Amino acid sequence: MINKRQATEKSFVNKFPEHYFYPDRNSHLTFKKSKLFGECQEEFEYMSLVTTGHKSNLQNGTISHRDREIHYHFIEPVKSIAHPILLLGGVLQNRKSWKSYIDDLSSTNSVLVIDLPGIGDAKILDASYGFDFLADCVYAVIDHLRLKKINIFSTSYSSIIAYEFSDRYPSLIDKLVISSSMAFLPEQQRKVMFNCIDSLEQKNLSKFYTVFIDGVCNSSKNVPNYDLSRKVIEMLTQKLTEEEIGQFIENTKRVLQYTVPEVKPDKIPLIPLIFTGEYDTFTPPSLCREIGQFYTSSYFGTIDNYDHLFHIGNRQIIIKSILPFFQQHSIPAFCTKHENVNAELQKDDLFDKEEQLNILPAAVNLPVLNYNDYFLRGAV
């Protein structure tokens, strides 16, 4: 038998899965009564800033860059220890997904969350707009808020935005964290993305969920948050709107079109913190590590026992990793310093034979689309 609080929390999760993307025991739920269509009904709201008891100044705003809307929340505490922290999420995240992070971070740090074009409340962004455009959108917000420097945490989809921003505006970054990313896109990962697009274009959300979750979750290991990850992603995919489906399709095409830049002789003058889960099969540690080759130096590590979705169900993993880094340049114990990462390392050398054969589960081996079809159909 479940008690009233458990039942209430379950109802909240089913109604607002995006707010529960990073649940833990310290999450606070408050309730209010409201009348909806003449009937009294309980509404659940996640009131992170209220429950922490600290005072913060919240700015909500919308600006435009090249006629594309950008929405942001900027939270400033009375006193901030470090430069503002910009949180950039994965392909199914938006600025509302970060509410529980704001709860932990904003008592001592300014926090900025953004719906860039193609994300959240911003309209669909055609894949013809590259990640350089999105990096310029980030700059537009920072310039609008008149911020001198920022700290950036990025994961998965947004890690490309973070890279492009660091390449174009390195002087605006104090410290940079890149997680769950990789230096190039292997063929098997491309298959997952093609099949995700195909499933959504067929309006088959069940198939999309299967392809997506089997692509990013590692079912062969005893990952602590495995069941929770699948449940949260299932709820999110079931609630996808037509707009969100369009956003996912175009954003995924943007990744598939992206050309990994050559390593420049003059490397980006930053020392990022780079990490992912040790069992990440979608952005494997060996490929994630190679991102360091674009920078003068880097710190790299893996999170024990977790996969690509290490952030679901235990946000403290990230908080305890990035906050000391942003505030004191303290490196997590799991990371080691890598200098002069070998840019000439061959792709086949990045895996042992077993990893090459089992980089993704068999469940994603569905019929593969020819990407040229999208050009022939005029979709890109």
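Annotations for the structure displayed:
- Hey, residue 223 surrounded by 18 or more Cβ atoms within 10 Å (Cβ to Cβ), more than 18 Å from the chain's Cα centre (by Cα) and in a loop (DSSP other than H, G, I, E, B) or not: yes
- Comparison of 114, 152 shows that the only residue that is modelled with pLDDT of 95 or more, touching a His at 6+ places or on another chain (Cβ under 9 Å), crowded, with 24+ Cβ neighbours inside 10 Å and not in a helix (DSSP H, G or I) is 114.
- Within the stretch 237-250, the set of residues being closer than 13 Å to residue 210 by Cα and buried (at least 17 other Cβ atoms within 10 Å of the Cβ) comprises just one member, 237.
- Test: residue in the stretch 140-163 that is of a type in the set (A, V, I, L, M, F, W, C) and touching a Cys at 6+ places or on another chain (Cβ under 7 Å): no
- Checked against the criterion of being among the hydroxyl-bearing types (Ser, Thr, Tyr), at negative phi, at pLDDT 90 or above and assigned to a helix (DSSP H, G or I), the candidates 72, 139 yield just one match: 139.
- Of the listed requirements (1) modelled with pLDDT under 90; (2) farther than 30 Å from residue 325 by Cα; (3) polar (S, T, N, Q), residue 57 misses just one: (2).
- Failed criterion for residue 137 (all others in (1) over 21 Å from residue 276 (Cβ atoms); (2) buried (at least 24 other Cβ atoms within 10 Å of the Cβ); (3) within 13 Å of the chain's Cα centre (by Cα) hold): (3)
- Test result for residue 181, in contact (Cβ under 8 Å) with a residue 12 or more places away in the chain, part of a loop (DSSP other than H, G, I, E, B), under 29 Å from residue 213 (Cα atoms) and not basic (Lys, Arg): yes
- Residue match in the stretch 282-289 (condition: more than 19 Å from the chain's Cα centre (by Cα) and either surrounded by 24 or more Cβ atoms within 10 Å (Cβ to Cβ) or of a type in the set (D, E, K, R) (or both)): no
- Taking every residue in the stretch 143-165 that is over 16 Å from residue 70 (Cβ atoms) and pairing it with any residue that is of a type in the set (Val, Ile, Thr) and assigned to a loop (DSSP other than H, G, I, E, B), at least 6 positions away or on another chain, the pairs with Cβ-Cβ distances below 8 Å are 156/91; 156/283; 157/91.
- Here 96, 123 are screened, and the one residue that is surrounded by fewer than 21 Cβ atoms within 10 Å (Cβ to Cβ) and more than 18 Å from the chain's Cα centre (by Cα) is 123.
- Condition check for residue 197: modelled with pLDDT of 95 or more, within 19 Å of residue 116 (Cβ to Cβ), touching a helix residue (DSSP H, G or I) at 6+ places or on another chain (Cβ under 8 Å) and not hydroxyl-bearing (Ser, Thr, Tyr): no
- Set 249, 233: member being modelled with pLDDT under 95, within 16 Å of residue 195 (Cβ to Cβ), aliphatic (A, V, I, L, M) and not in a loop (DSSP other than H, G, I, E, B): 233
- Candidates in the stretch 289-338 are the residues that are charged (D, E, K, R) and outside any helix (DSSP H, G or I); of these, the one that is farthest from residue 264 (Cα to Cα) is 315.
- Residues in the stretch 184-206 that are in contact (Cβ under 8 Å) with a residue 60 or more places away in the chain and of a type in the set (Lys, Arg) were compared, and the one that is surrounded by the most Cβ atoms within 10 Å (Cβ to Cβ) is 191.
- Residue 234 among the charged types (D, E, K, R) and farther than 19 Å from residue 331 by Cβ: yes
- Residue in the stretch 75-88 that is modelled with pLDDT under 55 and either among the acidic types (Asp, Glu) or in contact with a Cys (Cβ under 8 Å, 6 or more places away or on another chain) (or both) present: no
- Within the stretch 155-169, the presence of at least one residue that is hydroxyl-bearing (Ser, Thr, Tyr), assigned to a loop (DSSP other than H, G, I, E, B) and crowded, with 24+ Cβ neighbours inside 10 Å is confirmed.
The values are calculated or read from the model by the stated rules, or taken from the named source; none is laboratory data. Predicted, not measured: the structure shown is a model, and the values here were computed from it. Virtual Cβ from ideal backbone geometry, glycine too; neighbours counted across all protein chains shown.
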